[in-house]
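First comes the structure, then the notes that go with it.
Just so you know, all these numbers are worked out from the coordinates, no wet-lab data involved. It should be emphasised that the depicted structure is a prediction, and the values quoted were computed from it without experimental measurement.
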Amino acid sequence: MTQRTALVTGGTGGIGTAIVRYLARQGHRVATNYRDPARADAWRAAIAQEGIEVAMVQGDVSDPASCEAMVRELESKLGAVEILVNNAGITRDTTFHKMSYQQWTDVVNTNLNACFNVTRPVIDGMRGRKWGRIVQISSINGQKGQYGQANYAAAKAGMHGFTISLAQENAKFGITVNTVSPGYVATDMVMAVPEEVREKIVAQIPVGRLGKPEEIAHAVAFLTGEEAAWITGTNLAINGGHYMGW
Ligand SMILES: NC(=O)c1ccc[n+]([C@@H]2O[C@H](COP(=O)([O-])OP(=O)(O)OC[C@H]3O[C@@H](n4cnc5c(N)ncnc54)[C@H](OP(=O)(O)O)[C@@H]3O)[C@@H](O)[C@H]2O)c1
């Protein structure tokens, strides 16, 4: 196996931690960003208990200058980024007629504009080395829309538009670009949803349960592997059968 350098944004979150773990166990050098140094230290200490060393760089994915600095710092610590997983994300749910401009821009900046902010500083290097793997973590709700999530669904759908354009532009440089669209996974983001709402969601999932973060990480590991060189521009839905659009 070729050891690569991977940057997973939002690696300290529920799905991000599983992705970090998976890529590290495959033998890659893995990095993630943080915003709060105290929380970052606690997270790094916990994952170190599992024997996993993660490079951590300060960075806010919604801020282009911060991302540029984050990538340059990471390159000096770990080497050039060869695998990028745009995973950091937030929700600010409310129906559109009540939505503030702030709720709209916060979600678009952190989910969609972050793809520009983090990918732009790594793409030239990938093109120059003629190898790269980029994965966007989108959402089932970017595919089907969701009541109360016009901001999030728009941003997540936009992420796949980004994927399929970048995939076309960079295929001849050995770079694959794909989207993973998780359904409802048991992380803090979903456990924050009121229990009665969650029960209704689970009732709509043919497999009959929420997803596990590892089930998303497994797909990311697959798509970022050496042997996935001919898979580009795809949107892999992982949702227990909740949405089967194509
Ligand atoms: N959970 C689900 O069911 C589900 C379903 C579909 C899609 N997704 C998507 O999967 C991804 C991960 O979700 P999750 O459930 O693991 O969420 P999570 O546990 O809330 O983790 C989110 C991560 O993103 C980071 N983050 C948020 N805003 C950031 C910013 N401005 N700059 C840098 N980092 C930032 C957080 O860091 P801080 O600690 O600094 O906030 C955290 O590490 C998201 O893109 C989400 O939309 C999740």
**Request:** Mind listing the long-range amide H neighbours of A237? Cut-off is under 5 Å, sequence gap 5 or more, other chains count too, H placed in the peptide plane at 1.01 Å from N.
**Result:** S181
**Asked** Top mean-square fluctuation among A38, A150, A24, Gaussian network model of the chain, C-alpha springs under 10 Å?
**Response** A38
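From the alpha carbon gyration tensor of segment 1-54, can you work out the equivalent ellipsoid semi-axes (sqrt of 5 times each eigenvalue) and give them in Å, largest to smallest?
18, 12, 9
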**Message:** Beyond 14 Å, how much of the Cα-Cα pair distribution for segment 173-241 remains, as a whole percent?
**Reply:** 63
**Asked** Within the chain, which DSSP H helices have Cα atoms that stretch 18 Å or more along the helix axis and a mean Kyte-Doolittle hydropathy of at least 0.0?
**Response** none
**Message:** Give the lysines reachable from K200 as a straight Cα distance under 27 Å; neighbours fewer than 8 places away on the same chain don't count.
**Reply:** K98, K144, K156, K212
**Asked** Normalised by the residues of segment 5-238, what does the relative contact order come to in percent, with Cα pairs under 8 Å and at least six apart?
**Response** 21
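Over 18 Å, how big is the tail of the calculated P(r) for segment 99-215, in percent of all Cα pairs?
Summing the P(r) of segment 99-215 above 18 Å gives 58 percent of all pairs.
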**Request:** Please provide three numbers in whole Å: the alpha-carbon extents of segment 72-153 along the principal axes, with the largest listed first.
**Result:** 47, 24, 16
**Item:** For segment 10-50 and segment 183-225, distance of Cα centres in Å
**Value:** 20
**Fill in**
Filtered hits (aspartates and glutamates, Cα-Cα < 15 Å from K77, offset >= 8 within chain) -> E53, E68
**Asked** Karplus couplings for segment 2-11 from phi (6.51 cos²θ - 1.76 cosθ + 1.60, θ = phi - 60°), rounded to Hz, Gly and Pro as x?
**Response** 7, 7, 10, 9, 10, 10, 10, 6, x, x
**Item:** Rh by Kirkwood over Cα pairs, then Stokes-Einstein D for the chain at 1.002 mPa s and 20 °C, µm²/s
**Value:** 118
